[in-house]
Structures are given as structure tokens and as C-alpha cells.
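Here is the structure we will look at.
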Amino acid sequence: MMELRFNLQLFSSEKTEPATPRRRQEARRKGQAARSNELSSAFVLLAAVLFIFQVMPASSVNFLSFARHTWQNLWHTDLNPATASQWLWQAALQTGQVVLPLFGVVFLVALVSSTLQVGFLLSATPLTPSLQKLNPLEGLKRLFSKKALIELLKSLLKLGGVAIIVYQSAASALGWSINNIGAEMGSSLSGLSRLVYSTTMRIIAFLLAVGLADYVYQRFEFNKSLRMTKQEIKEEYRQTEGDPQLRARIREKQRLLARRRMMHDVPKADVVIVNPVHLAIALKYDPQEAAAPMVLAKGQGHLARKIKEIAREHRIAIIENKPLAQTLFAAVEVGDEIPPQFYQAVAEILAFVYSTRKHSVGLTRR
């Protein structure tokens, strides 16, 4: 028995249940989300390379013209604080026109790639100082943890892949150089530029593949880290919805109060339609209060017997109509008016009750 109890406790402490929405919201509030830095870095590198090779040559024409003009006239310019300041200002302006767009593109791509992974997420919790981060034992655990091992394997994979691509490109460049010995400088530089561009794009494609695989892994690990035990789910449910036993007691009290109010209204009824033992529906029709007869009370079993007892005590007519009792019990709630499809049947019963009541009153007067 003790062993069985221990096994049950061990099973209940295992995190086998998917995270609840509240658990995920709490994780996002703390700045925790599944993201891959490898994928973001690959996109940033792709944007930078495309900008450098495709956009920057056209945007750097003014910078190259300024540099050429400065170099040609540098030896003929009287250097003094005023001219030096002017030259530095022009140099900073021309450099900014080339570099700042690159920084802007890199920043925008980094922001978009991060947002696509985790959505819009702002949290100051990761920046909050924590004494646990200064604990040497915790640092050693992180150093030899599974996460550190995975990061090491990713670094070795990237290093190996980039080394293979560079080696292949270097071998290709060596063969191209041998075949183009004596070629013009412009042609050589153009070929070298194309080789560097193709090599860089191959490296980026490899890093993107690694980044995508890393993103899938990070999502898996993140969802795994958010898993909950059955006990944690029960505790969270109690915190959000309240104690189930307490809520059950509240519902029971509410049912008792509603039943008491319902029984209190039975003496006001005009007729009680029964089935004839299991169901009872008390109806009242007051043209000044409602356009159609209303259900004051209904019940089955013990409650139906109680309604009939109260009806007999107050001399309220009890009419047996099994089909009507069944359909009314299923279709109408307490306090509601009966639907139009029941008008004719209920009107006939009320007419009979009213005529019987008048006849009995007349006999009493005589």
C-alpha cells in the first residue's frame, strides 16, 4: 500500500500536462518566449549582405567622390583648425549617408525577425537583478547543463559548415585564379566580388537552415518547460475558479433559495398541470402582468409531489395532461411565458378551470 501511494505521488508530480493559457500568459509577462537567436542573426546577416552588395555601391558614389577629391587636394590644402573641422564634418556626413541606412536596415530586420518569432513582447523582468544569477553553484549547473551542451553542438555545427563552404570556395577561387592569370584588374576584381558574394550567400543559406532547425527545437523545449503537473493544474483551477467544493455548496444554496421562492409562488397559480405522478407545472395568467400564462413553478419527483401538496392546500386546480406536462416541463423555465405553440392547449385548460371555479362559487353562494 505504501509503495502504491508513493508511485501515485510520483506520477502526480511529473509534468505531463500541456501548459494552460494562464501559465503561458504568466511566462510572457516574465519575458519568456520561444525564440532562436541563430535565426535572427541569420536574417540580420542576410539583410546586411544584400544591402552592402546591392544597395551600397549606388549609395556610396558621393562618398567615393568625396574621398577622391579630399585625397587629391589634401597636399594642397592649408591645414588649420577651421579647415580640419570642416573636413571632419564633411567626412562624418558622407560616412553617415552610407553607414546609417545599413544600421537602419539591420535594426529593422532584427526587430521584425524577433517579432515574427515571439510577437510584440515587452517585459522588464529579465532585466531585474537576481541573486540567483550570482550563485557560483547555479553558474556551474548552467555551464554543464543540457542547454550549454546544445549551444556547444550548434557552435561546432556552424563552424564546421562554414569551414566546408569556405574551403570549397577557396578551392574554386584557386582554380579560377590559375585560369585567369594575366587578366585585367577590373575583370579580376569583378570575378573576386562575385566569388565573395556567392560564398557569403551560401554561408547565409546554411545559417538560415540551422536557425530554422534551432527555432523548432526552441519551441519544443519551451513548451516542454511550461508543462505542468496534474496538481499544479488543480491548484491553478482553484485559484481562478475557486474551491470546487465551495462552489458546489454555493450552487446548492442557490438552488435551495430558488426552490423556496418557487414554492412560495405556487399558491398564486391558477392551475397545476401534472403527468400525473412524476411532473408538475404551476401556471398563472394575469393579462395585466403578462401577455401569456407564466410558469410559476415546476418540478419532478419529490418536488412535483410537494407542488401538488401546496396546490391542494390552497384549493388550486390540478389537471392531468401527460403530453402537455412533458412538453411544457422541457420547453419552459420558471418565470418564463409559455411559447405560442402551447397557447390553445393551455387556454382550454384555463377556461375549464375558470368555469369550474365560477360554478363552485355559485353553488357556495346558494
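FYI, it's all coordinate maths here, none of it is from the lab. Values in this document were obtained by computation on a predicted structure and should not be read as measured data. Please note: Cβ atoms are built from the backbone with ideal geometry, for glycine as well, and neighbour counts cover all protein chains shown.
Data table
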{"item": "Those trypsin sites (Lys or Arg not before Pro) in segment 225-304 that DSSP places in a loop and that have at most 15 other beta carbons within 10 Å", "result": "227"}
{"item": "Cross-link partners of residue 30 among lysines (Cα-Cα below 18 Å; sequence separation of 8 or more within a chain)", "result": "133, 224"}
{"item": "Whole-Hz ³J(HN,Hα) from phi, Karplus 6.51 cos²θ - 1.76 cosθ + 1.60, for segment 22-39, glycine and proline x", "result": "5, 5, 5, 5, 5, 5, 5, 4, 8, x, 8, 7, 7, 9, 10, 5, 5, 5"}
{"item": "Amide hydrogen neighbours beyond the local backbone of residue 297, cut-off 5 Å, H modeled", "result": "282"}
{"item": "Lysines with Cα under 25 Å of residue 306, excluding same-chain neighbours fewer than 8 positions away", "result": "253, 268, 284, 298, 322"}
{"item": "Amide H contacts under 5 Å for residue 35, placed H, 5+ residues apart", "result": "none"}
{"item": "Segment 262-315: GluC sites (Glu not before Pro) in DSSP loop, at most 15 other beta carbons within 10 Å", "result": "289"}
{"item": "Residue-by-residue Karplus 3J(HN,Hα) for segment 322-328, coefficients 6.51, -1.76, 1.60, Hz, glycine and proline x", "result": "4, x, 5, 4, 5, 5, 5"}
{"item": "Taking segment 267-365 and dividing mean pair separation by its residue count, relative contact order in percent (alpha carbons under 8 Å, at least six apart)", "result": "30 percent"}
{"item": "Cα-based Rg of segment 270-340 normalised by 2.2 N^0.38 Å, two decimals", "result": "1.01"}
{"item": "Hydrodynamic radius of segment 220-355 per Kirkwood, over alpha carbon pairs, in Å", "result": "17.3 Å"}
